[in-house]
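To start, the structure under review is shown below, and the notes come after it.
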Amino acid sequence: MAQNLDALRLALQHSPDNAPLLMLFADACLDEGLMEEAEQSFQRVLQNDPANADARLGLARVALLQGKTSQAAVRAEQILSDTPTCAAAYMLLARIHITEGERSKARAMYDKGIALDASLADPGIEKDLRGVKPPEDEAPGRKRGAMTSSGSFIESVSEDSEDEGHPRGGAAFDLGLADFEKPKLNFSAVGGMEALKEEIRMKIIYPLQHAELFKAYDKKVGGGVLLYGPPGVGKTLISKATAGEIKANFIALGLHQILDMWIGNSEKNMHEVFELARQNKPSILFFDEVDALAADRRDLRQSAGRNLINAFLDEMDGAESDNDGVLIIGATNAPWHIDPAFRRPGRFDRTLFVPPPDEAGRASIIEVMAQKKPIGELDPRALAKKTEGFSGADLKAVFDIAVEDVMNEVMRTGKVIPLTTKDLIKAAGRHKATTKAWFESAKNYAMYSNQSGFYDDVLKHLGLLKR
Ligand SMILES: Nc1ncnc2c1ncn2[C@@H]1O[C@H](COP(=O)(O)OP(=O)(O)O)[C@@H](O)[C@H]1O
Ligand SMILES: [Mg+2]
């Protein structure tokens, strides 16, 4: 998937206004959770073709995924006022209403969408809407539930909502977590990051491996660690490798699974996921892009979505169950969107900044990456010198560009042509480091809202705070 993304990004460098390419790229970005890039690409399509319904729909989807439900609804409704037969817009409205807890409105939208295009049937939505009637069919007085003081309607679950042969307790399975695994990856697959690896050994690995020592001092083993840093610096990679190092069970929830829970408002799924981790300890429960869950989104927290946030916090607190031996790792590029409530003691109370690699780190990453490619002669340090500010993902892009460059000749001659340092340095000149923009935002937060020194490591990295 990420490879596909890099190939598309490359293709767009040559053809930046190619609408079908932009749409493919935007969709791939959505899949990878790269909301801003997706949004920019849809916008770009609209600059040349303002009526493009797919791109407009794309923007609505981005808004929904970012938790801006009212913006998403407005966009979807605008599409429908221009194109009343746009089935996909009805489906999106159904999703939006589900997120807002408006299930009977969702039913009405879903039914309209299906009537226009039956191929859009979505078992996930159907499951959420089982037994829900559209609003016009609902006779007054038959509504179950209660009005809250704020006037919103809380739906009570009907007693028979769990029948019809649907398996109980299958939530983890629904989320595609049935076959979680002990990752084979370990620290040797991660280039550089020596300081971080050492911190992880001390703060994560050692306590989990020597639980009895910690217990002797009545110290708990487990809890939550938040990894943050620019995109592409290896947060996801090092989390997996950490699990591989200790041979712990690793249960990973990516953006998709998190969003599935939002859309289904599924506190039950949240509980099941934590239970799975508890039953398989020592285990690491990994929430990638955890800002999708822990974000300080007031509009969502007012709505039905707050149940999911509360469920997550309850599970982290281990209110009902014992989380000892379960380590929760969250990774994020946007720590400033994390609600401070998530950083209280017992929750994500330890934070690790993952910086972009320094020169020596880049040289190690280059060595790791070169192992998988035909290389003639390679001087990792020379390439490292020319790639200041590059993340691991940027370095991967450099390799991809260099490979792309020789591919023409490879296809012409039918021979494998080894890459050289020169090829790679040339490729590096055509790629722009992606970490700079991140530090521009991070610097503002670090300087102006550095509560309890949260961003000290960022300030140190920028040379704005003495070590
Ligand atoms: N330290 C590293 N060693 C080797 N590869 C790396 C490293 N950092 C990043 N990469 C490469 O970049 C890709 C993206 O890294 P990822 O872990 O997804 O970054 P993040 O989660 O911080 O956005 C990885 O799949 C890997 O190919
Ligand atoms: Mg990641």
Residue pairs within 7 Å by beta carbon, gap of at least six or interchain, first lying in the stretch 452-467 and not assigned by TED's automatic domain parsing to the domain that holds Gly229, second among the β-branched types (Val, Ile, Thr) and not in a loop (DSSP other than H, G, I, E, B), listed first then second, are Phe454/Thr351
Can you find a residue that is among the charged types (D, E, K, R), under 26 Å from Glu126 (Cβ atoms) and either without any contact (Cβ under 8 Å) to a residue 60 or more places away in the chain or open to solvent by 30 Å² or more (accessible area, probe 1.4 Å) (or both) anywhere in the stretch 1-22?
no
Those residues of the stretch 410-428 that are at positive phi and touching a Leu at 6+ places or on another chain (Cβ under 7 Å) come to a total of 0
Margin query: One residue is enough: does the stretch 140-161 have a residue meeting the conditions part of a helix (DSSP H, G or I), open to solvent by 60 Å² or more (accessible area, probe 1.4 Å) and either out of contact with any strand residue (DSSP E or B) (no Cβ under 6 Å at 6 or more places or on another chain) or modelled with pLDDT of 85 or more (or both)?
Written below: no
Checked the stretch 216-243 for anything open to solvent by less than 50 Å² (accessible area, probe 1.4 Å) and of a type in the set (Phe, Trp, Tyr); matches are Tyr228
If we keep only residues of the stretch 217-269 that are basic (Lys, Arg) and more than 16 Å from ligand 1 (Cβ to nearest atom), then the residue modelled with the lowest pLDDT is Lys220
Considering residues that are within 16 Å of ligand 2 (Cβ to nearest atom) and either open to solvent by 20 Å² or more (accessible area, probe 1.4 Å) or within 23 Å of Asn444 (Cα to Cα) (or both), the number found within the stretch 318-347 is 8
Checking Ala63, Ala55, Ala51, Ala76 in turn, the sole residue that is among the small types (Gly, Ala, Ser) and not in a helix (DSSP H, G or I) turns out to be Ala51
- Task: Determine whether the stretch 414-421 contains at least one residue that is within 23 Å of Lys235 (Cα to Cα), of a type in the set (A, V, I, L, M, F, W, C), surrounded by 17 or more Cβ atoms within 10 Å (Cβ to Cβ) and outside the structural domain of Tyr228 (by TED's automatic domain parsing).
- Result: no
Those residues of the stretch 421-445 that are farther than 30 Å from Gln13 by Cα and touching an Asp or Glu at 6+ places or on another chain (Cβ under 8 Å) come to a total of 0
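The values are calculated or read from the model by the stated rules, or taken from the named source; none is laboratory data. It should be emphasised that the depicted structure is a prediction, and the values quoted were computed from it without experimental measurement. Note that each Cβ is placed from the backbone with ideal geometry, even for glycine, and that neighbours are counted across all protein chains shown. Side chains are part of the model used for accessible areas, which takes the heavy atoms of the whole protein and leaves out ligands, DNA and RNA. Shrake-Rupley method; radii C 1.70, N 1.55, O 1.52, S 1.80 Å.
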